[in-house]
Amino acid sequence: MKAGMPHLNTTINASSLKIGVVTALWNSEITHSLRDGVIQRLKELKVSESNIILYEVDGSFELPLAAQHIIEKYQVDVVIPIGCLIKGSTLHFEYISEAVSQGIMQVGLQTKTPVLFGVLTCLNEDQARARAIGPGNHGPSWAETAVKQALSYKS
Ligand code: RBF
């Protein structure tokens, strides 16, 4: 197991959980691979496909509102917002990263629903690929964290 990766007993039954997955389409090769990693692990943890609410937005900046919308409309137990920000030559990266991380945290606190931080903030595309494509894919560990969080707070 990788350092820092959460460990979840695979016998756990998450079939009662409803989980929102919001994916930003910027850098979509990366974000779709992360999303696929999330979904595959959720299924292994017995989350039924009909209980996975999928949603897409244009960019990471749109993730917080979409997460809030899914919580209010579908009463999901947890949301996994997925995005990939890659630093460019202007200050956009800094502004969007800051806004998105604050926005996602606020949605979780205000709705009292766990919302993960599934946003890669990378200095270049190689860093993003290493964390999203193949064995380094962070998606499965986000799925595990989501299930743990949802089971902890579900009444
Ligand atoms: N969205 C991302 O998810 N990742 C990015 O790396 C990213 N870079 C952007 C760079 C620029 C210069 C602009 C204008 C937007 C970028 N966006 C990115 C899109 C942003 O999250 C949002 O969708 C748009 O700004 C519309 O609100």
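The values are calculated or read from the model by the stated rules, or taken from the named source; none is laboratory data. Note that the structure is predicted; figures quoted are calculated from it, not measured. Cβ sites come from the backbone with ideal geometry, for glycine too, and all protein chains shown count toward neighbours. Surface accessibility is based on the protein's heavy atoms, side chains included, excluding ligands, DNA and RNA. Shrake-Rupley method; radii C 1.70, N 1.55, O 1.52, S 1.80 Å.
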| note | Every listed condition ((1) open to solvent by less than 10 Å² (accessible area, probe 1.4 Å); (2) outside any strand (DSSP E or B)) holds for residue 68 save (1)
| query | What number goes with the only condition from (1) farther than 17 Å from residue 39 by Cβ; (2) open to solvent by less than 70 Å² (accessible area, probe 1.4 Å); (3) within 16 Å of the ligand (Cβ to nearest atom) that residue 132 does not pass? | reply | (1)
| note | A careful count of residues in region 71-95 that are open to solvent by less than 40 Å² (accessible area, probe 1.4 Å), within 16 Å of the ligand (Cβ to nearest atom) and not in a strand (DSSP E or B) gives 1
| said: Among (1) of a type in the set (A, V, I, L, M, F, W, C); (2) within 27 Å of residue 129 (Cβ to Cβ); (3) open to solvent by 50 Å² or more (accessible area, probe 1.4 Å); (4) within 14 Å of the ligand (Cβ to nearest atom), there is one condition residue 22 misses while meeting the rest; what is its number? | reply: (3)
| Among the residues of region 41-54, is any within 12 Å of the ligand (Cβ to nearest atom) and at pLDDT 95 or above? | no
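Let's see how each residue does on (1) out of contact with any strand residue (DSSP E or B) (no Cβ under 8 Å at 6 or more places or on another chain); (2) free of Cβ contacts under 8 Å to residues at least 60 places away in the same chain; (3) under 18 Å from residue 25 (Cα atoms):
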residue	(1), (2), (3)
48	yes, yes, no
52	no, yes, no
91	yes, yes, no
117	no, yes, yes
130	yes, yes, no
151	yes, no, no
| message | With the requirement that a residue be open to solvent by 80 Å² or more (accessible area, probe 1.4 Å) and among the aliphatic types (A, V, I, L, M), what does region 96-129 give you? | response | 105, 109, 123
